[in-house]
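Following: one structure in structure tokens, then a few remarks.
The values are calculated or read from the model by the stated rules, or taken from the named source; none is laboratory data. In this text, all values refer to a predicted model and were calculated from it rather than measured experimentally. Virtual Cβ from ideal backbone geometry, glycine too; neighbours counted across all protein chains shown. These accessible areas exclude ligands, DNA and RNA; they are computed on the full protein's heavy atoms, side chains included. Shrake-Rupley method; radii C 1.70, N 1.55, O 1.52, S 1.80 Å.
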Amino acid sequence: MAIALSWLIFALALAGAEALTGDMFLLMLGGGALAASGTAWLTNGPILVDGAVFLVVSVLLVVLVRPALRQRMTPKSLLTGIKALEGKRAVVLDRVARDAGQVKLDGQVWTARPFNDGDVYEPGESVTVVHIDGATAVVFKH
């Protein structure tokens, strides 16, 4: 029973240390120690059996569970910079035509041109940013 308690304390210590690292490695070792604690409590066999259970379960958790868990916890690619502006709505401030125009996009004034050369957008109209070309917002009205 004392060996099972020792494995349980070891598992809790590893889980607590995981809170400091966030790498999910120590948590997997803690799972192995928890399995060894359960084995020691149920079988009351030699400590080598508990050690083997710890080793096998820890390796399986690190190889099979940890990659999927890390992938799930990793944030999806966040759009930043000009990619984050594509698809956003903008308000036309100055007539947007082939060679000139301005829109207000995310609180900032941008030079703009229409996606289709023949389109013209008047002040006050709402447009969507198709993409950013240099420092110019290419816009389209649905």
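Things to note:
- Residue check, Gly30 out of contact with any helix residue (DSSP H, G or I) (no Cβ under 6 Å at 6 or more places or on another chain) and either without any contact (Cβ under 8 Å) to a residue 24 or more places away in the chain or surrounded by fewer than 20 Cβ atoms within 10 Å (Cβ to Cβ) (or both): no
- A single entry from Val63, Val59, Val53 fulfils the requirement of being open to solvent by 80 Å² or more (accessible area, probe 1.4 Å) and either modelled with pLDDT of 95 or more or in contact with a Cys (Cβ under 6 Å, 6 or more places away or on another chain) (or both): Val63.
- Flag not set for Thr74, criterion: of a type in the set (Ser, Thr, Tyr), open to solvent by 90 Å² or more (accessible area, probe 1.4 Å) and at pLDDT below 90.
- Scan of the stretch 107-116 for residues that are surrounded by 14 or more Cβ atoms within 10 Å (Cβ to Cβ) and small (Gly, Ala, Ser), ordered by number: Ala112
- Of all residues in the stretch 117-142 being under 9 Å from Val92 (Cβ atoms) and among the small types (Gly, Ala, Ser), the one that is surrounded by the fewest Cβ atoms within 10 Å (Cβ to Cβ): Gly124
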